[in-house]
1. How long are the semi-axes of the equivalent ellipsoid of the stretch 156-274, defined as square roots of 5 times the Cα gyration tensor eigenvalues? Whole Å, largest first.
2. Could you sort 142-153, 199-210 so that the peptide with the highest average Cβ count within 10 Å comes first and the rest follow in order?
3. For the stretch 179-240, just say rounded, prolate or oblate: build the C-alpha gyration tensor, square-root its eigenvalues into a ≥ b ≥ c, call rounded for a/c under 1.5, and beyond that prolate if a/b exceeds b/c, oblate if not.
4. First select every other residue whose beta carbon is under 14 angstrom from the beta carbon of GLY121; then total the charges, Lys and Arg +1, Asp and Glu -1.
5. Rounded to the nearest 500, what is the chain's calculated 222 nm mean residue ellipticity when only DSSP H runs of at least 4 contribute -39500 (n - 2.57) each, over all residues?
6. For ILE93, list long-range residues whose amide hydrogen, built 1.01 Å from N in the peptide plane, is under 5 Å from its own amide hydrogen.
7. Once all Cα-Cα distances of the chain are split into 10 Å bins that start at 0, what whole-number percent is in each one?
8. Rg and Dmax of the stretch 93-157 over Cα atoms: what are they, in angstrom?
Amino acid sequence: MDVILTLAGAGLIALALKDIFETLFHPSGKGVLGKSIARSVWRGTHWLHRRGSESEPMYVGALAYVLVLATWTALLVFGWALIFLPHLPDGYIFTGGLDPSEHDSLADALYISLVNLTSLGYGDISPEGTLLRILGPVETLFGLGLLTASISWLVSIHGALTRREALAHEVHLLREAEQRLDEPLARAEPELLGRMLSSFTTQTITVRRDLVHLPITHYFESAEDRRVRDELRGFLREMIEQAGKEESPVALRLQAEMLEQALDDFEGTLAESV
């Protein structure tokens with residue numbers, strides 16, 4: 001039984017580490033557990049919204065982020081608790097009047113695991129054996145690593161959202177300028193139009209790569225954000241149509257074709273994220 005508990009605990013720890021690595025460091029963001037949680041939260045929130053809930057699904061991303069981190073933490077805590085459980089109470093020294101015979105349950109193992117993971121070090125229950133004295137600080141390192149990873153992930157998400165919003169805002173400003181000046185883009189100099197198309201192509205590719213590496217960023221949008229984004233993509237399609245006419249210079253048509261392919265790739269990635 002002790003061996004089974006230890007193996008089960010090691011399995012939970014391995015599952016958490018695998019998902020953390022694939023979510024944060026894999027170039028395609030293939031953390032299956034994190035993706036599943038985010039997608040479930042998104043679908044559940046939209047189901048409630050369709051049934052008349054007043055809450056707009058604009059906080060889905062933040063909620064999914066918190067739940068994924070909570071799941072990783074729970075896996076590590078339970079995993080280490082299962083490893084410590086077979087050693088209770090004989091492998092530990094109890095102070096403060098604690099009766100060892102009353103502290104050999106899973107709850108006590110979870111308490112020890114939480115204390116280790118958060119590096120609190122109350123000292124009321126201390127490991128006695130050499131192996132347990134080593135495993136305690138090792139779990140603390142896991143906790144510090146999880147904290148660092150969560151902050152790094154949040155910073156990466158913020159950067160991706162900033163780049164996406166910058167692209168949307170630039171397209172919006174261009175559309176507004178065209179309407180205010182009543183000067184269609186088709187009349188712009190081919191060189192200027194080509195530079196704009198090139199810039200939008202680069203930014204679209206970057207935003208798509210952010211979405212591939214950080215799929216959770218897809219859920220940091222409200223329904224209104226998605227409506228505006230679709231309108232702006234439609235405006236870019238109009239630019240492509242104007243620049244891709246047969247009478248346009250070859251270089252301009254090539255830029256238009258590149259932007260169209262970049263938009264197609266981005267929309268395909270969006271479809272896969274839902």
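The values are calculated or read from the model by the stated rules, or taken from the named source; none is laboratory data. Please read these numbers as outputs of a predicted model, since none were measured by experiment. Cβ sites come from the backbone with ideal geometry, for glycine too, and all protein chains shown count toward neighbours. Heavy atoms of the whole protein, side chains included, go into the accessibility calculation; ligands, DNA and RNA do not. Shrake-Rupley method; radii C 1.70, N 1.55, O 1.52, S 1.80 Å.
1. 26, 16, 12
2. In decreasing order of mean packing, 142-153, 199-210 become 199-210, 142-153.
3. Values: a/c = 3.92, a/b = 1.66, b/c = 2.37.
The shape class here is oblate.
4. -1
5. When only DSSP H runs of four or more count, the value is -26000 deg cm²/dmol.
6. Hits under the 5 Å cutoff: SER126, GLU128.
7. Values per bin, smallest distances first: 6, 23, 21, 18, 14, 8, 6, 3, 1.
8. 14.5, 48
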